[in-house]
Structure formats: structure tokens, C-alpha cells
């Protein structure tokens, strides 16, 4: 049976993302092929953004491409670059039956993708600080029974034990509550933006003797609302500093030592690797 035009758009889009990122987990491609992106966007005409160029369109084919789509241009809020998220999802590897916290859910598109990846038996807790976006996300995700939307910040609040924390807002440093919520083997991925601008994606894994950390690609995200973490020292970090990180520590567990790359009020980054 031949595909409808819409099915073809989605299939080609998912194949494009898989090709751009070299996906290891093909379930991610399938999720991008089956979650309707248009259901998580404002009504057309849409504004797509590629290489800094904004274009208005009402053609569905144009949003099934590796482009940003504006949610609110005045606030700088968009739907996110699909290939970047596919890369992150591949790195953090949500599995069926796992519990996920999504920080900065926006209008819910990547919460929906996450929900597909943890089926069957998994759950997504989606947090969105902006009240209007949280309301839209709750509406958009009404058909996703394994997703619960929370209107409010996921920073500085006790969280249930989870396998994955997926953060789509830039932070000066990760919240202690995120780290303590990770189960053994749990993964956290977040944009580390020590200067509140561009910075590295950091993948963290809870190991038996601490938190292993690995810098990935450089990204730029809107800053996470409701954060309180501040640097304990004012030294500006270089690109070499950022790239050298291999572990992350709670200051309550271990005091900063000579391996410290960046020290904050409650956490610190180290160049020392932790063995699995």
C-alpha cells in the first residue's frame, strides 16, 4: 500500500534525521516518523528558521525538515532542532519501562517523542515553567497516557527516582535534586552554560562511586527559569576546561580538589574520570 503524502513527509523527515545523526537506536527514527510535529506547533502559517533565516510557510512539507519552528519569536522560543534532539536521545538512550523527567517541555513535542521511547510501561514527567506553554503542552499531550505535565520549575524541588532526566534549558550548573533523583545507571543530559550563553551538552551517568560526565556537542538554549546555582569562583572557563570534564560531584559527598574544573555552591566538575 502506498503512503499518503503526510506519511511520506514524516517518513522522509525521520530518515533525514537518522542520516544526519548516524542514529544507533532506530526506535528514535520511528518515533520521529510517527509523532505529528504540526500538533505541537501554533496554527499556520509557521515560521521556520534555518541558518538564521526565517521563512513563513503553510506547507506541511516545510516543517518536516531539520529546521527550527517558532513557537513565540518575541520570547525566542522555538520547537528545537530535530537532529540535535535525536543526537541527545541517542546519547541518553531512554528504554521501554523507564521513568523520565523532561525539563523545559515547551509545548510537548519532545515529551511525546520520549513517551514513545519508554513504551511499554514507562512514564514521562514533563515540566514547563511558562504557564501558557505548560497549558498548551497538557492539551497537546492529552492523548499520551504515559505523560504528565507539570506547570512549574523542575529546579530546586525534590523529584522521584528516575532513569533519565532530559533538560532543554541552559543551566549554570545542574540542580542537586536532578543528580540525587537518578537511579543507579541513570542518565542526565543538559546544556551546561556557565556564562549563560553557548556551552557544551553534558551527559552524566550515575555510577557506583560517583557521577561520570562527558561533554558532547556545543549548543545554545534559553536559560532555565527558577534556577539558583551560582559559581563559587569567578574564573572564566576556557573551551579546554569545558572539554576536560569527566566527572561531576556533590560538594556534600566530596570537597573540590586539584582536579576541579568548575566549582559551584553545591556541585563541582572534575577532570578526573570515574571507572564504571
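Here are a few things to note about the model shown:
- For peptides 167-173, 8-14, 149-155, sequence by mean Cβ density within 10 Å, most packed first: 167-173, 149-155, 8-14
- Only helices enter this figure: runs of n ≥ 4 DSSP H residues, each worth -39500 (n - 2.57), summed and divided by the residues of the chain, yield -7000 deg cm²/dmol at 222 nm to the nearest 500.
- Relative to the longest principal axis of the Cα atoms of the chain, the long axis of helix 82-92 makes an angle of roughly 50 degrees.
- Considering only the chain, percent of DSSP beta bridges that pair antiparallel, nearest 5: 60 percent
- Acute angle (nearest 10 degrees) that the helix 5-21 long axis makes with the longest principal axis of the chain, alpha-carbon atoms: 30 degrees
- The radius of gyration of the Cα set in the stretch 135-177, together with its Dmax, comes out at 12.3, 34 angstrom.
- Kirkwood hydrodynamic radius computed over the stretch 47-86 comes to 10.3 Å, based on all pairs of distinct alpha carbons.
- Acute angle (nearest 10 degrees) that the helix 131-140 long axis makes with the longest principal axis of the chain, alpha-carbon atoms: 50 degrees
- Choice from 257, 241, 163 showing the highest fluctuation, given a GNM over the chain with Cα pairs closer than 10 Å: 257
- Peptide packing: for 28-39, 108-119, the average count of neighbouring Cβ atoms within 10 Å per residue gives the ranking 108-119, 28-39, highest mean first.
- Alpha-carbon gyration tensor eigenvalues x 5, square-rooted, for the stretch 82-270, Å: 27, 17, 15
Bear in mind that the values in this text are calculations on the coordinates, not laboratory data. Just so we're clear, the structure is a prediction, and the values are computed from it rather than from any experiment. Positions of Cβ are backbone-derived with ideal geometry, glycine not excepted, and every protein chain shown enters the neighbour counts.
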